[in-house]
Amino acid sequence: MRNTLDHWEARVDLAASFRWAQRLNLHEGVANHFSFAINDDGTRFLMNPNQMHFARIKASDLIVVDANDPDTLQGPDAPDPTAWGLHGGLHRLVPHARCAMHVHSIFATVLATLKDSRLPPIDQNCCTFFNRVVIDEGYGGLAFEDEGARCAAQFTDPKQKVMVMGNHGVLIIGESVAETFNRLYYFERSCETYIRALQTGRPLRVLSDEIAEKTARELEAYPEQDVRHLAELKAILDDEGSNYAS
């Protein structure tokens, strides 16, 4: 199978990301989806099959979707309609979003339910996202084509690669699978820290804007952390005899 499928390295990276998203409980049943663009303008992309559990997805299972072809939804391997709507709109309208990961992870979704969904810089991880998050306050129902395009249109600042989807969940974009999964991981960790800090009912120690921005820039320049993170996760899966890369 490996020799008959294109973009094998991206397939393997995505499959590993699905497996770890499930292991870390970032997924929700069979409802969430990841994608990775495979052509220059980003309109053709790899995606998980319709409502297949993250824990079972293999590299060879990933389907190829065309954001410009609505007939994609009619085939035997059609993607979930909301996955096509959200990711199709994103890959059509946001060329720098080569990879996209949408989940309803617990703590990011809690943040999305708050009237004020900003993530304050209360620790180093939270600083990663300082002024780098889009907050969508216009939830319009399931992410079919129009809703997906509405969400995508909000990624106007290339620095902002996270969307807190108000009343919904979170959408993470990036240049590579490793970068995007790493961002997803740390955003959920940051949200957990913030939500648990709120639960104490005690005053928060919020960093200054100057230090938060300085830290965010330092973390953005930190070498190879995302690549090594995913490489280690794949190594663990390999050691366990996982079939993710088949």
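The values are calculated or read from the model by the stated rules, or taken from the named source; none is laboratory data. In this text, all values refer to a predicted model and were calculated from it rather than measured experimentally. No Cβ is skipped: glycine too gets one built from the backbone with ideal geometry, and neighbour counts run over all protein chains shown.
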So which pairs qualify, if the first residue must be in segment 172-197 and in contact (Cβ under 8 Å) with a residue 60 or more places away in the chain, the second must be among the charged types (D, E, K, R) and in a helix (DSSP H, G or I), the Cβ gap must be under 7 Å, and the two must be at least 6 apart or on different chains?
-> Ile172/Arg183; Gly174/Arg183; Val177/Asp13; Ala178/Asp13; Ala178/Asp226; Glu179/Asp226
Of the conditions (1) of a type outside the set (Phe, Trp, Tyr); (2) in a helix (DSSP H, G or I); (3) farther than 19 Å from Asp13 by Cβ; (4) out of contact with any helix residue (DSSP H, G or I) (no Cβ under 7 Å at 6 or more places or on another chain), Arg183 fails just one. Which one is it?
-> (3)
Within the set of pairs 6 or more residues apart or between chains, which connect a residue that is among the hydroxyl-bearing types (Ser, Thr, Tyr) inside segment 61-81 to a residue that is modelled with pLDDT of 80 or more with Cβ atoms less than 7 Å apart?
-> Thr72/Val65; Thr72/Asp66; Thr72/Pro79; Thr72/Trp84
In segment 122-156, what residues are of a type in the set (Gly, Ala, Ser), more than 18 Å from the chain's Cα centre (by Cα) and not in a loop (DSSP other than H, G, I, E, B)?
-> none
Tally, over segment 109-121, of residues that are free of Cβ contacts under 8 Å to residues at least 40 places away in the same chain and either of a type in the set (A, V, I, L, M, F, W, C) or assigned to a helix (DSSP H, G or I) (or both) = 1
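For (1) surrounded by 14 or more Cβ atoms within 10 Å (Cβ to Cβ); (2) part of a helix (DSSP H, G or I); (3) more than 19 Å from the chain's Cα centre (by Cα), each residue gets a yes or a no:
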residue: Glu192; (1), (2), (3): yes, yes, no
residue: Arg202; (1), (2), (3): no, no, yes
residue: Ala235; (1), (2), (3): no, yes, yes
residue: Asp238; (1), (2), (3): no, yes, yes
residue: Ser242; (1), (2), (3): yes, no, yes
Residue set Thr82, Thr109; condition β-branched (Val, Ile, Thr), on the phi < 0 side of the Ramachandran plot, out of contact with any helix residue (DSSP H, G or I) (no Cβ under 7 Å at 6 or more places or on another chain) and modelled with pLDDT under 90; output residue Thr82
